[in-house]
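A short worksheet on the structure shown next.
Values quoted throughout were computed directly from the atomic coordinates according to the rules given, and no laboratory measurement underlies them. Source: prediction; values computed, not measured. Note that we place each Cβ from the backbone using ideal geometry, even for glycine, and neighbour counts take in every protein chain shown.
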Amino acid sequence: MSQVTVKTDIRGVLFDNVTMDEAAAKTAELINSEGLDYIFTPNSEIVQACIDDPSLYDAVNSASLIIPDGIGVVYASKILKRPLKEKVAGFDLSKRVLDYAAKNGKKVFFFGSSPAKDDVPAVCDIAAEKIREIYPGINICGTRHGYFSREDTDNIIEEINSSGADILFVCLGAPKQEKWIYENREKLKVSLAMGLGGSLDVYAGTVKRAPGIFIKLNLEWFYRLIKQPSRIGRMMNLPRFLFGTIFFKLSGKDKKNTK
Ligand code: UDP
């Protein structure tokens, strides 16, 4: 298990203050180090979930690399006067990992997203097919959709371990995927696991990522809201988090190191 040492505390979540290039270099190191390492990509919603349910901190902070997957976390770091260098989107890091895997013969397993329905294959299988086109030669050694009961967990882990995967994408949404990896960290035999939310949907094309201009203007959250208005309830956590952070700073709680 490898650990990055310089951490930036944003409301109790210990982020690594890295650029995308630094995160990608660190990820390659983790893939090649002994034992399991895992990467989490919290956004404002997940940090707010930790504030609301502090039992989540242990799972989230146990990762070897924690990157800010959202501009809200970067704004919060500025409010707290310990700025993170940049937003490092989990999806973008996953592309770097797939590229690395294809070039270095590392096996990848995709776990999560919707099962097959009628004639439509499971999202993880559609994603695998698309990814094989984008990264020729990539070895995707297994896929498993993300709808299961607790009793299935050991079988799923057995399936992942016996596939010989080096890298595991866990795409169950947050905080389910963080809890799942944390709870099963002793059993997983992969080198690297990553919690990647809806990334397989984006690779499969069932969910569109925001056009570049939205990403550039830091309005990716707004695009998601227009496309999936049902997310409004979840998204209210973003202003809750930012206003909460301003209050947290002004009230001096930051200095007392309370969350
Ligand atoms: N999902 C899953 N199992 C579950 C719940 C969700 O595999 O029990 C999948 C869901 O199909 C989707 C992903 O997890 O592919 C969640 O996507 P979302 O964009 O909501 O994730 P976020 O990154 O916002 O947490």
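A few notes on this one:
- Gained length - residue 28 relative to residue 217, 0.36 nm times residue gap less alpha-carbon distance: 65.1 nm
- Angle in degrees between helix 90-104 and the longest Cα principal axis of the chain, rounded to the nearest 10: 40 degrees
- Gyration tensor verdict on region 32-133 (Cα atoms; rounded if a/c is under 1.5, prolate if a/b is larger than b/c, oblate otherwise): prolate
- Taken as Cα centroids, region 102-116 and region 22-72 sit 19 Å apart, rounded to the nearest whole angstrom.
- Region 181-222-region 225-257 distance, computed between alpha-carbon centres (Å): 21 Å
- Projected label distance in nm at residue 179 and residue 250, using a 7 Å step from Cα toward the beta-carbon: 3.4 nm
- Helix 123-134 vs. the chain, principal-axis angle (Cα, 0 to 90°, nearest 10): 80 degrees
- Sorted by Cβ neighbour density within 10 Å, fewest at the top, the residues 13, 73, 6: 6, 13, 73
- Filtered trypsin sites (Lys or Arg not before Pro), region 62-141: DSSP coil and at most 13 other beta carbons within 10 Å: 81
- Among 19, 41, 8, a tally of other beta-carbon atoms within 10 Å of each Cβ gives an order, fewest to most, of 19, 8, 41.
- Efficiency of FRET from Cβ geometry, residue 243 and residue 91, R₀ 35 Å, rounded to 0.05: 0.85
- Hull shadow area, averaged, the chain [alpha-carbon convex hull, nm²]: 13.9 nm²
- Per-residue Cβ neighbour rank within 10 angstrom, fewest leading, 151, 22: 151, 22
- Total charge dipole magnitude, the chain, about the Cα centre, Cβ charges on Lys, Arg, Asp, Glu only, Debye to nearest 20: 1220 debye
- Cα-based shape type of region 56-95, given that a ≥ b ≥ c are square roots of the gyration tensor eigenvalues and the cut on a/c is 1.5: oblate
- Overall Cα dimensions of region 164-205 - principal axes, largest extent first, Å: 33, 23, 9
- Taking a ≥ b ≥ c as the square roots of the eigenvalues of the Cα gyration tensor, an a/c ratio of 1.5 or more together with a/b no larger than b/c marks region 124-243 as oblate.
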